[in-house]
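The numbers here are math on the coordinates, done by the rules we state, and not lab data. All figures in this text were calculated on a predicted structure; none of them were measured in a lab. Don't worry about glycine lacking a Cβ; one is built from the backbone with ideal geometry, like all the others, and counts go over all protein chains shown.
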Ligand SMILES: [Zn+2]
């Protein structure tokens, strides 16, 4: 699934193409794409409006149209946005097509598994409510530092990997960048989020920012169907430190990278650099449940 660096890579490619143009037409081939609204209602709201900006929040791409009309796209598992000239280009699995004025190429939303979405928000209050219900801190905006991450993890007994994947805490991190960030921070993915010390929270916040920044610099990662808007694949998969590297040598200590399941996802770590959490005594667990402070490990 595309994560923040992949979505931001697409945004950077498309922004110069679409900003300042008029969205003449939005052809919605699959009515499921724009649920809960019907295609006609979405078309009526967006067609003929100028494109002020193409933005991003978490893994959402955001068409900012005239008069505070917003179309919020999520690529989910297999969604891609591809630019192509009008006649010669017929990519498979097209679910929606953006037709812009000025003779620029059409933009196709292609999506074999059909989990991607295009949702309408009319007015800034509706947009804020949409994102507030779904997304937490924006990790590359300056909001994510050690203090903020430490505060968010207090009282959370779930594994820190599950915490990182929860979009309502930190937006934009998925399976790849969670593994890479935890390795950079030297923190085991199964460690309870609430047990992080302040210093570890500091390292993890930095690890998240560094992993995302490295992904962006490489144009994102391609492990499934992700492609840039011009069809080119990202290259970050060649730079993974641990993700998908089970059985290989840890780049820091030379130990073996292991694969296991955390937060229901295939997870990679070096258990020398990222020590597995020790089992806690029953009394310590009870203390955690009641929210009483306990000594940091
Ligand atoms: Zn190691």
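Some values worked out for this structure:
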item: Value at 222 nm in deg cm²/dmol, rounded to 500, when DSSP H runs of n ≥ 4 in the chain each add -39,500 (n - 2.57); result: -9000 deg cm²/dmol
item: Estimated distance in nm for a label pair at residue 145 and residue 249, the labels positioned 7 Å out from Cα along Cα-to-Cβ; result: 3.9
item: Kirkwood-based Rg to Rh ratio, the chain, C-alpha trace; result: 1.02
item: Where only C-alpha atoms are counted, convex hull volume of the range 23-111 per residue in Å³; result: 97
item: Rounded, prolate or oblate (a/c below 1.5 giving rounded, otherwise prolate when a/b exceeds b/c) for the range 209-254 by Cα gyration tensor; result: oblate
item: Peptides 233-244, 118-129 ordered by average Cβ neighbours within 10 Å, highest first; result: 233-244, 118-129
item: C-alpha long axis of helix 175-185 to longest principal axis of the chain, angle in °; result: 40
item: Packing-based ranking, highest mean first, of 96-107, 265-276 given that Cβ atoms within 10 Å are counted; result: 265-276, 96-107
item: Cα long-axis angle, helix 198-217 against the chain (0 to 90 degrees, to the nearest 10); result: 30
item: Pairwise centroid distance, computed over Cα atoms, of the range 1-54 with the range 137-214, Å; result: 30
item: Taking only Cα atoms of the range 97-228, radius of gyration then Dmax in Å; result: 17.5, 56
item: Label zone at residue 197, where the point sits 7 Å out along the Cα-to-Cβ direction: the range 153-172 residues whose backbone N lies under 18 Å; result: 153-155, 160
